[in-house]
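Following: one structure in structure tokens, then a few remarks.
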Amino acid sequence: MLAYPAAAASASSSSLWSDMRLDILSALNREREKRSAVAVVTPLTGEGQRLVLADAVTGDPLAEDLSRAFRAGRSRIVAHEGGEYFIDVHVPSPRLVIIGAVHIAQALAAMGERLGYDITIIDPRTAFASPERFPTVVLRAQWPEDALPDIGLDRFTAVAALTHDPRIDDPALTAALTAGCFYVGALGSRKTHARRLERLAEQGIPADILSRIRAPIGLAIGAISPEEIAVSILAEITQVLRKGEDL
């Protein structure tokens, strides 16, 4: 199936927006408010414009193309069985919630902003979670169990737990797994992570769910400094976002 250049898709998007059916536009706006991934599929010849949720791609005639579009977060024109269709993709901005206002978090937040992530840092330790150290991101000097319900974790959120403190990291990891965040990572050695898994298993979290935690966090690139570790974490987040399971 053929994907056309982004420039062609962009030109088509501006013209097709003006022709969008009112009922589809209303439904699209409702889904966007809920931070749902959604696409409007418009035949370039003929009628049949429709709305497709990312959760409902399976079984769709354009399932393969829709999955690729959702994964890339980019609209595109595709050819299928003699017809051409414009897939207008609307994917929420990815968020990165960092648990622990540590040195790695400073580098991770700065780099994450450059990549377009909405950054939130959570740490109840006010000596670490200060505006002076994190002047440009949302900072919550609270325990994760108090801060996360307000944030509303979802499948377009990545969570990185960096404190080494089970009292802070464990509730955040549990919340991230429960919410189905696309990336859940935790700092610590393999021994530390083994103990972490034991604690979380005692809370009744199934092993297949716990296996989603990426630990030690980040790609194995031999990172040493906070900046290098931040690079490894963002590289792993990008890998999961772009090449992992469909959102």
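The values are calculated or read from the model by the stated rules, or taken from the named source; none is laboratory data. Keep in mind the model is a prediction, meaning the values are calculated, not measured. FYI the Cβ positions are ideal-geometry reconstructions off the backbone, even for glycines, and counts take in every protein chain you see. Accessible surface is based on the protein model in full, side chains and every heavy atom, while ligands, DNA and RNA are left aside. Shrake-Rupley method; radii C 1.70, N 1.55, O 1.52, S 1.80 Å.
When restricted to residues that are open to solvent by less than 60 Å² (accessible area, probe 1.4 Å), in contact (Cβ under 8 Å) with a residue 40 or more places away in the chain and either part of a helix (DSSP H, G or I) or in contact with a Phe, Trp or Tyr (Cβ under 6 Å, 6 or more places away or on another chain) (or both), the stretch 215-233 contains 4. Scanning the stretch 25-48 for residues that are among the polar types (S, T, N, Q) and surrounded by fewer than 18 Cβ atoms within 10 Å (Cβ to Cβ) returns Ser26, Asn29, Thr45.
Report, by residue number, each residue of the stretch 58-71 that is surrounded by 15 or more Cβ atoms within 10 Å (Cβ to Cβ) and under 19 Å from Arg155 (Cβ atoms). Working first, answer last.
Narrowing the stretch 58-71 to residues surrounded by 15 or more Cβ atoms within 10 Å (Cβ to Cβ): 60, 62, 65-71.
Once the filter is applied, which keeps residues that are surrounded by 15 or more Cβ atoms within 10 Å (Cβ to Cβ) and under 19 Å from Arg155 (Cβ atoms), the stretch 58-71 yields Asp60, Leu66, Ser67, Arg68, Ala69, Phe70, Arg71.
When Ile209 is tested against (1) open to solvent by less than 30 Å² (accessible area, probe 1.4 Å); (2) assigned to a helix (DSSP H, G or I); (3) modelled with pLDDT of 95 or more; (4) of a type in the set (Val, Ile, Thr), exactly one condition is not met: (1). Every test in (1) open to solvent by less than 10 Å² (accessible area, probe 1.4 Å); (2) of a type in the set (Lys, Arg); (3) at pLDDT below 95 is passed by Arg196 save one, and that test is (3). Here is a list of conditions, (1) in contact (Cβ under 8 Å) with a residue 12 or more places away in the chain; (2) open to solvent by 70 Å² or more (accessible area, probe 1.4 Å); (3) out of contact with any Leu (no Cβ under 7 Å at 6 or more places or on another chain), and Leu115 meets all of them except one; can you say which number that is? Of (1) in contact (Cβ under 8 Å) with a residue 12 or more places away in the chain; (2) open to solvent by 70 Å² or more (accessible area, probe 1.4 Å); (3) out of contact with any Leu (no Cβ under 7 Å at 6 or more places or on another chain), only one is false for Leu115: (3). Against the conditions (1) open to solvent by 20 Å² or more (accessible area, probe 1.4 Å); (2) in contact with a Pro (Cβ under 8 Å, 6 or more places away or on another chain), Lys191 satisfies every one except (2).
If a residue counts only when it is of a type in the set (A, V, I, L, M, F, W, C) and out of contact with any Ser or Thr (no Cβ under 6 Å at 6 or more places or on another chain), which strands (runs of 3 or more DSSP E) contained entirely in the stretch 125-196 have at least 3 such residues?
On the way: elements: 138-140, 157-161, 183-186.
Fully inside the stretch 125-196 and qualifying: 157-161.
With respect to Ala158, determine if the residue is in contact with a Phe, Trp or Tyr (Cβ under 6 Å, 6 or more places away or on another chain) and either open to solvent by less than 60 Å² (accessible area, probe 1.4 Å) or among the polar types (S, T, N, Q) (or both). Give the steps one after another, and end with the answer.
On the way: in contact with a Phe, Trp or Tyr (Cβ under 6 Å, 6 or more places away or on another chain): yes; either open to solvent by less than 60 Å² (accessible area, probe 1.4 Å) or among the polar types (S, T, N, Q) (or both): yes.
Yes: the conditions hold for Ala158.
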